[in-house]
Structure formats: C-alpha cells, structure tokens
Amino acid sequence: MSPVKSAWRRGIFVLLIIASLALLTVSFREAEAGPVHDVRHAFGSLLSPLQEFGARVAEPFQDGYEWFKSVWSAKKKAEQLEEQLDVLQGEVVRLEEQAEENERLKALLKLRDEGTYPEGAEFEVAQVIGKSPSQWEAWVRINKGSDDGLRVNQPVVGATPTVGESAVGKGLVGKIVTVDASTAVVQLITDTQSAVAGKIQGSRAEGIVHGSLQGRLLMDYVDRDLAVDTKRVVVTSGYGELYPADIPIGLVVSVGEETINMFKNIEVQPFVDFRVLEEVMVLLVPENALPGGTTATTLATPAGATQ
Amino acid sequence: MMERARLVAIVRVAALVAIAAVLQTLVISQVTILGISVDLFLIFTVIVALSWGPLGGAVFGFVAGMAADIAYFGPLGMRAFVYVVTGYSLGLLAGRFGARSLWMVLFYTLGPPLSPR
C-alpha cells in the first residue's frame, strides 16, 4: 500500500475519532434543547414506533424463553422439595416414635414416684426386645441382664400408654425367670405358670392371681362369703416372698359363684396392656426388704424361653 | 466509474445500517439470553472491517455507532467512538494476519462485543 493511501486512511480514522469525541462532548455539554439533541430526538421518535411494534412481536418469544426457564427451574425446585419431603417424613416418623417413647418413660417415672415400694428399692428401666410367640405362654425378653444387677424373681412393673394418666395403665408386669449377662426373660402375670398373691381393695379379700390359657387374668381362692364388687382394684398382698405389697395388678371385672365351688370366680382386667408393652421397670428390691426377708426361689423357665 | 463504486459503497453502508437498525430495534434488543442482548451494529461493523479493511470498518463503525447511539438513547458519539476504533483495529488485524484461521475469526467476532462489556 502506498504511503499516500496509508496516510489518507489514517487521516480519515483520526477525523472519525475526533468527530466521535466532538459529538460526545457536545452531547454531554449541550442543553436539552440543542441541535444535536434535537437530531437525536427526531431519529429516536422515528424508531420508537418500531421499538413498540418489536416489543409486541417479540413478546411471545420473550415469554416463551421465560416460560422454558421457569419450567426448568420449577422442575429442579420440585425435585429438591421432594428430596426434602422424604427426609422430613423420615424425621417426622422418628420424632413421633421418640415422643411416644418419651410418654411411656414418663409414665414409668410416675409409676416409680407414686408407687409404694420397699425401702431401698431401686429401679432398672429396660426395653422389651422379644415376646412369646404363642398364647400358651406369656413372657417378654428385655435388654438388661445380670450385668445390670438383674436377678431371677425380681418383680417387674410397667406402664402402657393406652389408658392415659390415671393409675390404670401402670402396674405389675411379672417377674424375672431367666437372666443372662445382657438379657432377661420376664414371665408375665397372665402366664398359666404365674401366681401372684393379691388382695382386693375395699373388701380386703385375698387370693391368688394367675393367668389362663385364654390369656385372661383370674383371681382364685377368694371365699364365697366375702363380698366382692366389680371395679375394685386388685393389688399385690405382699405374701409369697416375691412381690412387695401394694403394687397395682388390675381391676375386678366380673365376680361369679358356683354351688360346687367354695371360692368365687373372679376375673381381673390387668392395668398393663401386654400387647403394647415396650418398656418395663425392674424392681431391684433388697432381699431383706422382701416380705419374709428370704431369698426368692427360682421358678421354672416358661416354655420357649431360653436360659 | 470511481464515482459509481463510491455510490454503491455508500448505498451498501446505508442499507446495512438500516437493516441493523430495524432488526436490532424490532427483534434483537427485545430478546435477551441470560441478560445479554446481541448487538447487531457491532457485529456488522466486525463483518465490514473484515471484508473492506480498516478504512471501511472505521467509516461503517462511525455510522453504525451513531445509529446505535440513537437507537439506544445513549450519549451521541459514545458508540461511534468505540465502533470506529473497533472497525479500524480489526481491519488492520485482518489485513496483517488474515481471517483464514477459525480461531482468528472467532477472536475477531467475540473479542469486540465482549471487550466493551
């Protein structure tokens, strides 16, 4: 390229730069009513109808793009919320379980604080980890054993949430019949092999509370001539060297008599609902505090329970 | 003959600027992608600079910049200045290094729109 042409090109370029800067300066310094502004406004007013028309024409495309964008973000948000929902549902289940466990443990504490137990008695709360598989036997396995101070024949009490805050729902569960280092088997009072010396409040009638194959709790050896009303509370009498006195057992629900039988037929509704028993409390009663003050004897292991 | 060629060039520039103004105003400026709108005036300036050289790029950049200032209601002369520098520089670069390489074309095309932002 010739030097003249190159100089001409550079000259034009410099001229355009100067013109641009001059226009820029005028544009900033000139009043709103100046000629440069007038020219710009004139061209601007020519273009503004085009811009309005363009805005209307482009609106569907603009909205379409926004629509796709919002659908995409909504989908992502929905996925995130579904994940959060799964987590929260699991959390709700866990919290509900904890709340129910809390209620049961509070009921156990109330039973411990309000009950009349031998002096020096301590308590060991244990969880039920297994139950007897058939109606021929009634026992539960708990997650505490000899390492926790449990021994055979220690009484076990419990609370179930089905009946609320009243005394009902809390009472005698049974006794320990088998114990190893970390678990123990509790024979329930509804087991056919179980026998608890009890008395009926109000009449002071005494007898033996035992289980039956039908799963009912019966009270035997109550003389026919003693007046016994239904809805009376049955508690442990303290005889028999196993259970401390005055632990609630249940309510008298029916009283019957037979001419050939010298004792009444009494059915007792246990306070504890054994179907929903999840926590129990073992009474660590000092041996000398038990009625009679002697060491309790080991009873037979219920069928199905392992030593 | 020279007069006719000059006239054709002027008509071409005017037509390109008019097309850019109409398309930019009607459609392009209405649609943004991730908040960025395409600047057709600048793209045309780049194309002209690559095709016609630095002088053509600078002259077209000036006219297109003026049109863009009017269309965008910006200070008159601002874009004209930027586009003149862009058109002239790209024309020089294309004249020296050519535009045969894909990378060079990409550099010419994407560099100017990104640099002012």
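A compact table of results
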{"item": "Selected residue (criterion: farthest from A:V185 (Cα to Cα)) from residues of the range A:254-284 that are among the aromatic types (F, W, Y) and buried (at least 17 other Cβ atoms within 10 Å of the Cβ)", "result": "A:F271"}
{"item": "Conditions (1) surrounded by fewer than 15 Cβ atoms within 10 Å (Cβ to Cβ); (2) touching a helix residue (DSSP H, G or I) at 6+ places or on another chain (Cβ under 7 Å): number failed by A:L85", "result": "(2)"}
{"item": "Criterion violated by B:G74 - all others in (1) crowded, with 20+ Cβ neighbours inside 10 Å; (2) modelled with pLDDT under 80 satisfied", "result": "(1)"}
{"item": "Cβ pairs under 7 Å, 6+ apart, first in the range A:187-205 and closer than 16 Å to A:N265 by Cα, second among the basic types (K, R) and in a loop (DSSP other than H, G, I, E, B)", "result": "A:I200/A:R232; A:S203/A:R232"}
{"item": "Scan of the range A:9-27 for residues that are of a type in the set (A, V, I, L, M) and more than 9 Å from chain B (Cβ to nearest Cβ), ordered by number", "result": "A:V14, A:L15, A:I18"}
{"item": "Test: A:E122 is in contact (Cβ under 8 Å) with a residue 40 or more places away in the chain and among the acidic types (D, E)", "result": "yes"}
{"item": "Scan of the range B:71-86 for residues that are at the interface with chain A (Cβ under 9 Å from one of its Cβ atoms) and touching a residue at least 24 places away in the same chain (Cβ under 8 Å), ordered by number", "result": "B:A71, B:R79, B:V82, B:Y83, B:V84, B:V85"}
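The values are calculated or read from the model by the stated rules, or taken from the named source; none is laboratory data. Computed from a predicted structure; not experimentally measured. We place every Cβ from the backbone using ideal geometry, glycine too, and count neighbours over all the protein chains shown.
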